[in-house]
Structure formats: structure tokens, C-alpha cells
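So the structure is just underneath, and the comments pick up after that.
The values are calculated or read from the model by the stated rules, or taken from the named source; none is laboratory data. Here the structure is a predicted model, which means the values were calculated and not measured. When we count neighbours, we look across all protein chains shown, and the Cβ atoms used for this are built from the backbone with ideal geometry, even at glycine.
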Amino acid sequence: TTRTPEFLGLDGTDALLPQSSTGSDVIIGVLDTGVWPERPSYDDTGFGPVPAGWKGECEKGNDFKSSACNKKLIGARFFLTGYEAAKGPVDTSKESRSPRDNDGHGTHTSSTAAGGAVQGADLLGYAAGTAKGMAPRARVATYKVCWVGGCFSSDILKAMEVAVTDGVDVLSLSLGGGTADYYRDSIAVGAFSAMEKGIFVSCSAGNAGPGAATLSNGAPWITTVGAGTIDRDFPAYVTLGNGKNYTGVSLYSGKPLPTTPVPLIYAGNASNSSMGQLCMSGSLIPEKVAGKIVLCDRGTNARVQKGFIVKDAGGAGMILANTAANGEELVADAHILPGSGVGEKAGNAIRDYAMSDPKATATIVFAGTKVGIQPSPVVAAFSSRGPNTVTPSVLKPDIIAPGVNILAAWSGSVGPSGIAGDSRRVGFNIISGTSMSCPHVSGLAALLRAAHPEWSPAAIRSALMTTAYNEYPNGNGILDVATGRPATPLDVGAGHVDPGKAVDPGLVYDITTADYVDFLCALNYGPMQIATLTKRSSDGCAANRTYAESALNYPSFAVTFPAGGGTVKHTRTVTNVGQPGTYKVAASAAAGSTPVAVSVEPSTLSFSKAGEKQSYTVSFTAPAKPSGTNGFGRLVWSSDHHLVASPIAATWN
Amino acid sequence: GRDDRQTYIVHMSHSAMPNDFVEHGEWYAASLQAVSEAATVLYTYDTLVHGYSARLTRAEAEALKSQPGVLIVNPEVRYELH
């Protein structure tokens, strides 16, 4: 967040969020590991009184006073009844029985969403600058639901309920767990009623990528966020004794390696363990690694932990090599010893050299922080991908946002590596995940809520989606680091958020609670399943009505063809939220070299006033294709002032 | 788990509460006691959902499904940070 506001074009945030009006009283509720309230990101200088009607509390604990909250951090609660029922009493020597964050994750996410500006922020000198959340004038309330042993759904559901009662406007959940029918998923159940009360719910898509069908939190009333990089990197250059050079990444800060070459050894050759190459605890033979740079393969144990193990064995440095599971994705870490992460190709070359030359040497030079890295964003390999396995008719993720190497505030209980043996303490940390991209969107949603208080959660999401970009300024598609090729809507949904455009989207695809109930009827949910979500037994499905999943007024299109091809129709209704104007449509899609015919009726929509609604029907026609084939495209309504874009993902069953 | 019980989230039909009860919490407790003498309510939910959570054996959870007003009985899920 010393870079993402600028990367997102938010330098003029006040243009979106008026400084001192009541419109700035947007409250973001963050369900996570709690908060470290002493961090300056929660300084309340310049904030007016807590919004009227706020019912939240600053719950006390043995290490958390009720005075820890202020006019910025207006609530802090903790929920552990379900956790303790399952796991027994929390071990207070390891975690606080209070809203205090002993992990760092919750402090990081809440300050990403709404942390105030903090000058002089950095991690060990890296990413230095002014850290600032996406909605720096929004208020924050934190709800601690995650503990050392996990985050339990009974606690999460209660926390969501209390947060809504407290009066939050946005709920941010950077957590998830598998996939289930929506009436069995507590986050989806809680989010439905929250949505109905006008609360925007954003959730992380998950870090199970790059495989297909790996995302969680895919309910259509949730905004599901994937992760991309920003234009910042932390290069660390590896030079081998054979003259070859490779660029890795690192957040190491400390005594550098000697400038003269250091002996290099592959961990697999310095261990008697069958998994020695992974630098697992106790696996390295000290006599073989002493004073050397050790090449460890990534996987199984934590990346930074490998550095501790190398150091404990007497190693001088570490090169952490990606394997095929991670490809070329580089995630920077605050290693405890001079260490650099390298991609799979570099790792293979360095490994070959280390294994073939008994006198192999290497050096690592740490180059600090570089900005202006292009191309950016690229889709993170770890970012979970569609299709949505629960309801393939809803394209997910919805959007991507910055989620790689994000600097934000951190807990005082734990070092930057998060490992118990790490005695370093930092005010800010740099970490990666869709956990980090989710609160970016939560903060942006707060900005939009402030700018357009009348917009529904679906309208806010629509604005974020239809104004997202899916290509670089040169016209090339946003790349997926997992493949090196342009990403598809199954990777990025509508694309990367562009808040400056989202504030004035022209048209929105709005969705009411009744629309969602119709969608549940189309899923053939029974009365009890629907009532679980809506709380009303009256929300039944009419026997004389035909329901279609394709009728959900979603800002994207997930089209399913039978293997034999054919024509599939989707209907949509757009609401004008801008000036009067005329929009013309352009749409195309293809599966490889096979075009999918896309026709829209009508092809022109005219609006004479704000709030006016117009409907259209899209017909997708395609030939036969083998089952599992995917096709992609885009449908764009354009006027003199706006582009309203929707991604298309087609699948042959 | 520490015993053979696990937490379930019991979703109830708010409007199905018999007239014998004044408050939904009383009804939930009675519903629970009908299938388990040992179980107690962990949380009552009354804003985003209607229902409660409790530690139950699998047999008790099954029995609860046939209690009047019970919509769905969901086993607790452990979520993870992303």
C-alpha cells in the first residue's frame, strides 16, 4: 500500500470520497485474525465523531483495553465460542483471548482496506513510502474469528451477524474453505442476508491456483476477488561461478554475503533424507552446508522456514527454487539469511550446475525495490480460478486486484516471516495472497459507497466489473504468470479493477433479492434450502414459472453449450446511472479459431434519464465441440463517454 | 474433535415457532433438548440467519433434522486464511 493507491490511480482519493461530509462515514468490517490497534494506520487524527447509529464495541481482553479503539478503529470484537468448543481453551501463551492480532494477517488486511496514511513505511527498507489503505477515510471495525487452529464457521457466522448489527457498510473476508452448496456455506448464508441489508461483501477467491475450478466464495451475491501483481519488484541477482546470471526476488535485509563467490551446494546432496532437497527441519548435514549457499526446492514447508533450517545448519545463504508447481511466479520473502527465490527455469539451471560441478560457487546481490515493472498487472499463479463448481452459470472470480508483495501494517506479536523463531519485529510486512487483493476491493467498494450511497451491493460490484480492464495499454491481454499467455475470464473475471472509472460506470447491472431467489429456484433449491438463505419460508418458487440461471442479471456471461453446439440465450437489464445517452453494443467470442456468434437484441439502447432501465437479449450460437472446450469473449456497450464491458466464458458440456 | 461431538449450525424457520414459546431462544433450547440432554447452545443467530449452533453427536444431529421448524443442520466447517 506504499504503491497500490498509485497503481490503481487513487492519488486523488478525495475526489471519490469527500473529506469531511457524512458520506465519508463508511464503515468496513473485517473478519480476520484481529487487529494491532497501536499501529499508526489506525490513527484517528482528523476524524469526526463515530457515525451516528454505530453499535459496535471495543471488547476488552487482558491485553486489549477498550480505549484501544478510537474514531478510526471504531470496533474490535473477538469470537471464539465455536473454536473453543472444538479445540479447547485457547493457549494464552500463544494467542490473545482478545481482539488483539497475534498473527499479522488481520492487521494487514484491515489496514489495506482502510488504513490511514503513514509516512516512512517500509519493511526492512523495502517498499519504502507512504502506506495508505484504499479508503483511508473510512472507519474500520475488526472481528477476530481466526485463531491458531483455524477459523470456525459458527464463529464466522456470529461475527457476520454482529458486524451487520453493529452497522458496517462493507464486509471483507479474506478466508474461505472448499466449495459447498450455498445453503451449507456459512459465509454464503451470512452474506445473503448482509447483501439484502445493503452491505457489500467481498471475499478472497483463494490461493489454490493455477488449476481450473479451484475457487471458493463463489456465491453470486458475494464479490469474489482474485490476485494480480503490481509494477513493483524486489530483485536479487544470483551469479554463478560459471558466469550465468539469474534474477530472483528477496526481502532479505542484513549482513550481505561476501563479494567473493561462495561455495554452492544442492540441498539434496547435503542430506541423508529422501526429501532433503526441500530443506526440511533436521534434514541438512551441517558439515556439508557450513559456509555455503544452499539451493533448496520450494514446497511442503514454509519458504522462510527453509532459510531458518539452512542457517541453523551453518549455511551462509539460500537459493529457493520454484518447481513446476509454482513455475516462474516469484514471491518475495523476508529471509532470515541472505536468500533469493528464483523461478523454475533458473532453479533447474542452478540445480544442474550445483549437481554437476563439485566446486560450484554463487553470489547473491540484493537490489532493493524497483518500481515501474512491466508488464503489470499479471495474474498470480496462486490465484484461484474458475469455473465456479457450485454454479457454473455464474462466472467467477469477478475481478482481480493487487495481491502480490503487498506492504501493510503488521502485528507486534510476530516477525515478518510469521515463524515462531523469528525475533524480528516490524511495523509493516510484505505478504501475498488473495487475502491481500480482497481488502483492496473492500476499500474500493467503500469509496463507491461513499460516492453513491444509493447504489446496491450488486450495483457497486457491477461498476467495479464493467469498468475493469483486461489488457495493457498496448492492447495485449493481461498475462497469466502460470502460463505466460493472456489470461482468460476464468482467471480474471472481468479483469483488473480501475476505481477511477468505476465511480462513473454509465450503466450498472443491478440485482435485487428477488432476482437472487429466482436464481435459487433455477438451481432447483427446495423451500427449506431457500429459507435457510433468505430466512423467509414465503420465498418459494412458483410452479407455473420457468426459472433460468442465465436470467440472473450478472455483469458477466457464463455460457454453456451442449457438446453438439446450438444457440443459448441470456437476458440482462442495465440501469442508467449516468447522463442521458445512447449505447451501441459490440460483442465477439471464440473458442480457439472457432468463432462463437454473438448477437444482441436490441443492439442500441437509449436512456433519457438516470435510473432508467433497458433490457436486452444475447444469443450465443456455436458449432459442436468436444466436451470441456472453453471459449472466451467480451460484450461491450459504448456511448460517447462510457464503455460498459462484460466478459464471456463459454463451455461445451 | 475432543469427543464424539462436533459443532452443527441449525437453521430454523422463524415463523414456525409454536405459540407455547415467547422467545425464539427458548424454542431453540427446547428443540435441542428434545434430541440431546447434554448439548447446550453455543450461539443463537437472529439477524442474518435464524437458528443456533451446538455440539452434537451425529445421531443427535440426524434426530434434530426431523424436529419441527428445523430447516437445515449443517456441520461446522473450518475455514482458512487466504
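At a glance:
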{"read-out": "One residue from A:321, A:290 being out of contact with any strand residue (DSSP E or B) (no Cβ under 9 Å at 6 or more places or on another chain), more than 16 Å from residue A:255 (Cα to Cα) and modelled with pLDDT of 95 or more", "value": "A:290"}
{"read-out": "Qualifying positions in segment A:57-94 - assigned to a helix (DSSP H, G or I), surrounded by fewer than 21 Cβ atoms within 10 Å (Cβ to Cβ) and more than 14 Å from chain B (Cβ to nearest Cβ)", "value": "A:66, A:67"}
{"read-out": "Qualifying residues in segment A:530-582 (those that are among the polar types (S, T, N, Q), within 14 Å of chain B (Cβ to nearest Cβ) and closer than 18 Å to residue A:222 by Cα) - the one surrounded by the fewest Cβ atoms within 10 Å (Cβ to Cβ)", "value": "A:534"}
{"read-out": "From the options B:60, B:37, residue that is more than 30 Å from residue A:208 (Cα to Cα), more than 7 Å from chain A (Cβ to nearest Cβ), surrounded by fewer than 20 Cβ atoms within 10 Å (Cβ to Cβ) and not small (Gly, Ala, Ser)", "value": "B:37"}
{"read-out": "Qualifying residue in segment A:227-247 (condition: within 14 Å of another protein chain (Cβ to nearest Cβ), within 30 Å of residue A:371 (Cα to Cα), crowded, with 17+ Cβ neighbours inside 10 Å and not aromatic (Phe, Trp, Tyr))", "value": "yes"}
{"read-out": "Where a residue in segment A:465-486 is free of Cβ contacts under 8 Å to residues at least 60 places away in the same chain and its partner, wherever it lies, is part of a loop (DSSP other than H, G, I, E, B), with Cβ under 6 Å and at least six apart", "value": "A:469/A:495; A:469/A:498"}
{"read-out": "Test: residue in segment A:51-61 that is within 27 Å of the chain's Cα centre (by Cα) and of a type outside the set (Asp, Glu)", "value": "yes"}
{"read-out": "Boolean, residue A:617 is surrounded by fewer than 21 Cβ atoms within 10 Å (Cβ to Cβ), free of Cβ contacts under 8 Å to residues at least 40 places away in the same chain and either in contact with a strand residue (DSSP E or B) (Cβ under 8 Å, 6 or more places away or on another chain) or of a type outside the set (A, V, I, L, M, F, W, C) (or both)", "value": "no"}
{"read-out": "Answer residue from segment B:63-77, given it is without any contact (Cβ under 8 Å) to a residue 12 or more places away in the chain and surrounded by fewer than 19 Cβ atoms within 10 Å (Cβ to Cβ) and is farthest from the other protein chains (Cβ to nearest Cβ) among those", "value": "B:66"}
{"read-out": "Counted residues, segment B:1-33 - those being surrounded by 14 or more Cβ atoms within 10 Å (Cβ to Cβ), more than 14 Å from every other protein chain (Cβ to nearest Cβ) and not in a helix (DSSP H, G or I)", "value": "1"}
{"read-out": "Residue A:304 being more than 15 Å from residue A:354 (Cβ to Cβ), aliphatic (A, V, I, L, M), touching a residue at least 40 places away in the same chain (Cβ under 8 Å) and touching a strand residue (DSSP E or B) at 6+ places or on another chain (Cβ under 9 Å)", "value": "yes"}
{"read-out": "Subset of segment A:95-104 (residues that are within 21 Å of residue A:57 (Cα to Cα) and either facing another protein chain (nearest Cβ under 9 Å) or out of contact with any strand residue (DSSP E or B) (no Cβ under 8 Å at 6 or more places or on another chain) (or both))", "value": "A:102"}
{"read-out": "Residue identified as in a helix (DSSP H, G or I) and of a type in the set (Asp, Glu) among A:510, A:504, A:518", "value": "A:518"}
{"read-out": "Single match in A:414, A:441 (criterion: on the phi < 0 side of the Ramachandran plot, within 14 Å of chain B (Cβ to nearest Cβ) and in a loop (DSSP other than H, G, I, E, B))", "value": "A:414"}
{"read-out": "Residues of segment B:34-49 satisfying the condition of being closer than 23 Å to residue A:182 by Cβ and not in a loop (DSSP other than H, G, I, E, B)", "value": "B:42, B:43, B:44, B:45"}
{"read-out": "Residue satisfying all of: in segment A:156-171; under 22 Å from the mean Cα position of the chain (by Cα) and within 9 Å of chain B (Cβ to nearest Cβ); nearest to residue A:530 (Cα to Cα) among these", "value": "A:157"}
{"read-out": "Filtered residue count, segment A:247-265, keeping only those that are out of contact with any Ser or Thr (no Cβ under 8 Å at 6 or more places or on another chain) and assigned to a strand (DSSP E or B)", "value": "2"}
{"read-out": "Test: residue B:52 is touching a residue at least 24 places away in the same chain (Cβ under 8 Å), in a strand (DSSP E or B), within 14 Å of another protein chain (Cβ to nearest Cβ) and of a type outside the set (S, T, N, Q)", "value": "yes"}
{"read-out": "Hits in segment A:122-150 - residues which are in contact with a helix residue (DSSP H, G or I) (Cβ under 6 Å, 6 or more places away or on another chain), assigned to a loop (DSSP other than H, G, I, E, B) and within 14 Å of chain B (Cβ to nearest Cβ)", "value": "A:145, A:149"}
{"read-out": "Strands (runs of 3 or more DSSP E) (entirely within segment A:556-642) containing at least 1 residues that are over 32 Å from the mean Cα position of the chain (by Cα)", "value": "A:566-576, A:581-591, A:594-601, A:604-607, A:613-622"}
{"read-out": "Tally of residues being within 10 Å of chain B (Cβ to nearest Cβ), under 17 Å from residue A:387 (Cβ atoms) and of a type in the set (Gly, Ala, Ser) across segment A:196-217", "value": "4"}
{"read-out": "Filter result for the condition that a residue is within 7 Å of chain B (Cβ to nearest Cβ), of a type in the set (S, T, N, Q) and surrounded by fewer than 24 Cβ atoms within 10 Å (Cβ to Cβ), over A:193, A:153, A:186, A:174", "value": "A:193"}
{"read-out": "Residue in segment A:192-200 that is touching a Phe, Trp or Tyr at 6+ places or on another chain (Cβ under 6 Å), among the basic types (Lys, Arg) and either modelled with pLDDT of 95 or more or assigned to a helix (DSSP H, G or I) (or both) present", "value": "no"}
{"read-out": "Residue within segment A:89-108 that is over 30 Å from residue A:154 (Cβ atoms), within 21 Å of the chain's Cα centre (by Cα) and modelled with pLDDT of 95 or more present", "value": "no"}
